[in-house]
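So the structure is just underneath, and the comments pick up after that.
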Amino acid sequence: MIEQLEKDMIEAMKAQEKERLTVIRMVKAALKQEQIDHKKEINDELLIDVVNKQIKMRKDSITEFEKGGRQDLVDATQKEIDVLLNYLPEQLSTEEVEKIIDDIFAEVKPEGQKDMGKVMKEAQAKLKGKADMKEVSTMIREKLQ
């Protein structure tokens, strides 16, 4: 996926796709920053973490733009999210996520809300990058009640 990021950047330069190029450069900069800050090796797992953070930031921005009635900014930010989604693994459907959560419940056997951390730890290991963890958390919380 790192190689794909490099190829896409060159492709965006040649095609003069300014918005796409800007997003790819932001991802590369965030990747490099993460590598320096945490002394991690740049690999696909780090790329997934960085892309997830970038998408989360943009979703938060969209919420604020909608409150302010700025549809132009909402549309622009959504286009950025669409570019970022190309660098994540195939997202699982809701049904697939529910099945994995059911499997985790069978393994962990939680007894209530106090076991939320145990369940989320397992879910994080199995679903990171493949599903929106905010939605996963909500699903787990509902199931625990």
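The values are calculated or read from the model by the stated rules, or taken from the named source; none is laboratory data. Since this is a predicted model, take the numbers as computed values, not measurements. Note that we place each Cβ from the backbone using ideal geometry, even for glycine, and neighbour counts take in every protein chain shown.
Quick notes on this structure:
- Pair list, Cβ < 6 Å and 6+ apart or interchain, from segment 42-58 residues that are of a type in the set (A, V, I, L, M) to residues that are not in a helix (DSSP H, G or I): 46/40; 47/1; 48/129; 51/87; 51/88
- Pairing residues of segment 128-145 that are under 22 Å from residue 45 (Cβ atoms) with residues that are in a helix (DSSP H, G or I), at Cβ distances under 6 Å and at least 6 apart in sequence or on separate chains, gives 129/48; 131/97; 136/123; 136/127.
- The condition (being surrounded by 13 or more Cβ atoms within 10 Å (Cβ to Cβ) and not in a helix (DSSP H, G or I)) is satisfied by just one residue among 62, 55, 42: 42.
- Residue within segment 92-110 that is touching a strand residue (DSSP E or B) at 6+ places or on another chain (Cβ under 7 Å) and not charged (D, E, K, R) present: yes
- The set of residues from segment 14-24 being assigned to a helix (DSSP H, G or I) and surrounded by 14 or more Cβ atoms within 10 Å (Cβ to Cβ) comprises 20, 21, 23, 24.
- Among the conditions (1) within 11 Å of the chain's Cα centre (by Cα); (2) at pLDDT below 85; (3) within 22 Å of residue 7 (Cβ to Cβ), the only one that residue 133 does not satisfy is (3).
- Residues of segment 26-39 that are surrounded by fewer than 13 Cβ atoms within 10 Å (Cβ to Cβ) and assigned to a helix (DSSP H, G or I): 29, 32, 33, 36, 37, 38.
- Subset of segment 65-90 (residues that are free of Cβ contacts under 8 Å to residues at least 24 places away in the same chain and part of a helix (DSSP H, G or I)): 65, 66, 67, 71, 72, 73, 74, 75, 77, 78, 82
- Of residues in segment 103-130 being modelled with pLDDT under 85 and among the small types (Gly, Ala, Ser), the one surrounded by the most Cβ atoms within 10 Å (Cβ to Cβ): 129
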